[in-house]
Amino acid sequence: MFTIFAKIKDRVEAFLNEKNIVTDCLNKIEEKTGIKKRYLALGAAGVTGAYLLFGYGASLLCNLIGFVYPAYYSIKAIESPDKEDDTQWLTYWVIYGFFSVGEFFSDIFLHWFPFYYVCKCLFLLWCMAPVSWNGSQILYRHVVRPFFLKHEAKVDEMVSNIGGKAMSAAENATREVLHTLARNRTIGPAEPEARRLPSSAPAEPTVD
């Protein structure tokens, strides 16, 4: 337990020492108030927790917590030459996607629960925690990966069939559009009749 808190503390300290928009704001507040930015961060975390319990729009705040921080470190992982952090955050986004889909169907039954958004936020924080056995790693290894490996062939076949049908439908739609355009051009309004050239044959004499 102490190891977990130590790693989280080190991760927070590293984040507070980085150069980003959050630390810039904290540094300015620290200069004006004299309060260290670590205490400002703790106060902000406490206010956030209270808002998740009693505030309006807690769903939006919870989703921002589960998206902004991982998105920031995912971009840093893409830009870094190390591929281990790419796998870490890719695993998180897989779990986040499954969780979002499941929440779409369960939200109607759980949104009234008073501690729902606090529990959701804690779950997302557990999934992104800087430990080897965080939520995303455990859920992926014990739930997602076994299910995927068991049904991989069927899923590949289904995706291939859906892709083939989609391509066929797109080709048919394109062909129909081209045929319609060609048919409309063919049966369009007739052009004005071209003027006839003067006849070269001699005109018949008229009888007075």
Tally, over the range 143-175, of residues that are over 24 Å from the mean Cα position of the chain (by Cα) and either under 25 Å from Ala77 (Cα atoms) or polar (S, T, N, Q) (or both):
4
Check the range 168-180 and report whether any residue there is open to solvent by less than 80 Å² (accessible area, probe 1.4 Å), assigned to a loop (DSSP other than H, G, I, E, B) and either modelled with pLDDT under 80 or closer than 30 Å to Asp85 by Cα (or both).
no
Residue in the range 53-74 that is open to solvent by 40 Å² or more (accessible area, probe 1.4 Å), in contact (Cβ under 8 Å) with a residue 60 or more places away in the chain and over 23 Å from the mean Cα position of the chain (by Cα) present:
yes
Say we look at the range 120-160 and pick out the residues that are among the acidic types (Asp, Glu) and open to solvent by 80 Å² or more (accessible area, probe 1.4 Å); which of these is farthest from Tyr96 (Cα to Cα)?
Glu157
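Residues of the range 75-85 being assigned to a helix (DSSP H, G or I) and surrounded by fewer than 10 Cβ atoms within 10 Å (Cβ to Cβ), which ones?
Within the range 75-85, Glu79, Glu84 meet the criteria.
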Complete set of residues in the range 76-124 that are of a type in the set (A, V, I, L, M, F, W, C) and in contact with a Gly (Cβ under 8 Å, 6 or more places away or on another chain):
Ile95, Val118, Cys121, Phe123, Leu124
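Please indicate, with yes or no, whether at least one residue in the range 93-110 is within 30 Å of Ala45 (Cβ to Cβ) and either part of a loop (DSSP other than H, G, I, E, B) or more than 24 Å from the chain's Cα centre (by Cα) (or both).
yes
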Neighbours by Cβ (under 6 Å, 6+ apart or cross-chain): first from the range 142-157, closer than 18 Å to Cys127 by Cβ; second modelled with pLDDT under 85 and surrounded by 10 or more Cβ atoms within 10 Å (Cβ to Cβ)
none
Restricting to the range 117-154, count the residues that are of a type outside the set (Ser, Thr, Tyr) and modelled with pLDDT under 80.
3
With the first residue restricted to the range 105-119 and required to be loosely packed, with under 12 Cβ neighbours inside 10 Å, and the second required to be among the basic types (Lys, Arg) and modelled with pLDDT under 70, Cβ contacts under 9 Å at 6 or more apart or on different chains are none
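The values are calculated or read from the model by the stated rules, or taken from the named source; none is laboratory data. It should be emphasised that the depicted structure is a prediction, and the values quoted were computed from it without experimental measurement. Cβ atoms come from the backbone with ideal geometry, glycine included; neighbour counts cover every protein chain shown. We work out accessible area using only protein heavy atoms, side chains counted, and drop any ligands, DNA or RNA first. Shrake-Rupley method; radii C 1.70, N 1.55, O 1.52, S 1.80 Å.
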